[in-house]
Amino acid sequence: MIDLYAFATPNSVKVPIALEELGLDYTLHPVNVRKGEQKADAFLALNPGGKVPVLVEDGFVLTESAAILVHLAETTGKLIPTDAQGRGRVFEQLFFHASGLSPAFGQAGFFLRFAAEPQPIAIERFSAEARRTLGLLDAVLADRPFVAGDSFSIADITHFGWLWRRAFPGIDFDQTPHVARWYARIESRPAVQRAIARTEALVPQD
């Protein structure tokens with residue numbers, strides 16, 4: 001049995017997408033980060049870092065969305081290539097996301113929407129970096145149908161999460177047509193649509 005603790009966040013949605021693509025049964029538990037539920041003692045016992053998602057499988061607790069995706073791919077033998085070069089391309093994109101695209105998008109959104117006082121320098125810095133990293137991804141997708149090559153993989157799922165929430169940092173696809181084409185292709189996958197629906201349903205309808 002797989003239990004997944006998550007909310008409608010860019011990192012959370014990645015795991016339901018992988019689980020739906022793999023056809024694995026799971027129970028989705030909402031952790032409303034808007035109300036601070038990620039800081040509750042019960043949740044901190046699972047992840048002292050106080051972040052979603054968290055996967056629990058037969059007593060094995062795993063945090064960090066990329067680590068969870070790798071674990072699921074490794075244990076099922078799916079969504080990741082078996083050859084060394086193919087795997088290298090997947091990990092290249094995972095690390096690019098973790099070190100570049102994700103923090104740029106996250107910081108741009110934070111300073112744009114949540115800073116106590118306007119921070120023009122920070123907004124411009126991180127917005128420019130978000131656009132730059134998206135441009136790099138666009139260049140990658142100019143030569144291949146998926147971000148790590150010819151096959152859909154956990155690398156695509158990783159990038160999709162933040163691009164699904166691109167409105168948060170105020171980013172669009174106007175200057176990145178290859179990303180736009182790729183995104184539409186991923187979004188149309190039935191498993192992705194099911195995962196998005198389940199993830200969005202975690203948000204209370206007040």
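The value given for the stretch 146-206 is a Kirkwood hydrodynamic radius of 12.8 Å, derived from the mean inverse Cα-Cα separation. With R₀ set to 25 Å, the beta-carbon distance separating Ala98 from Met1 gives a calculated FRET efficiency near 0.30. One decimal place: the segment Gln205-Arg181 gains 5.5 nm when fully extended, by the rule 0.36 nm per residue minus the C-alpha distance. Mean sequence separation of contacting Cα pairs (under 8 Å, at least six apart), scaled by the length of the stretch 15-61, corresponds to a relative contact order of 22 percent.
Counting every Cα pair in the stretch 17-83, what percent are over 18 Å apart? That tail contains 42 percent of the Cα-Cα pairs. Using the rule -39500 (n - 2.57) for each DSSP H run of four or more residues, divided by the residues of the chain, the 222 nm mean residue ellipticity is -15500 deg cm²/dmol. Considering only Ala40, Ala18, Ala104, the mean-square fluctuation computed in a Gaussian network model of the chain, springs between alpha carbons under 10 angstrom, is largest for Ala40. Summing Cβ point charges (Lys, Arg +1; Asp, Glu -1) relative to the Cα centre of the stretch 21-177 gives a dipole of roughly 440 debye.
Enclosing the Cα atoms of the chain in their convex hull gives a volume equal to 129 cubic angstrom per residue. For a modelled paramagnetic label at Gln193, 7 Å from Cα along Cα-to-Cβ, no residue of the stretch 6-43 is in reach, as no backbone nitrogen comes under 14 Å.
Extension gain for Asp174-Thr82 works out to 29.6 nm (0.36 nm per residue, less the C-alpha to C-alpha distance). Considering the stretch 84-189, its Cα convex hull presents a mean projected area of 6.4 nm².
Bear in mind these aren't lab numbers, they're just calculated from the coordinates by the rules spelled out. Here the structure is a predicted model, which is why all the values come from computation and not from measurement. Methodologically, a virtual Cβ is constructed for each residue, glycine included, from the backbone with ideal geometry; neighbour enumeration extends over all protein chains shown.
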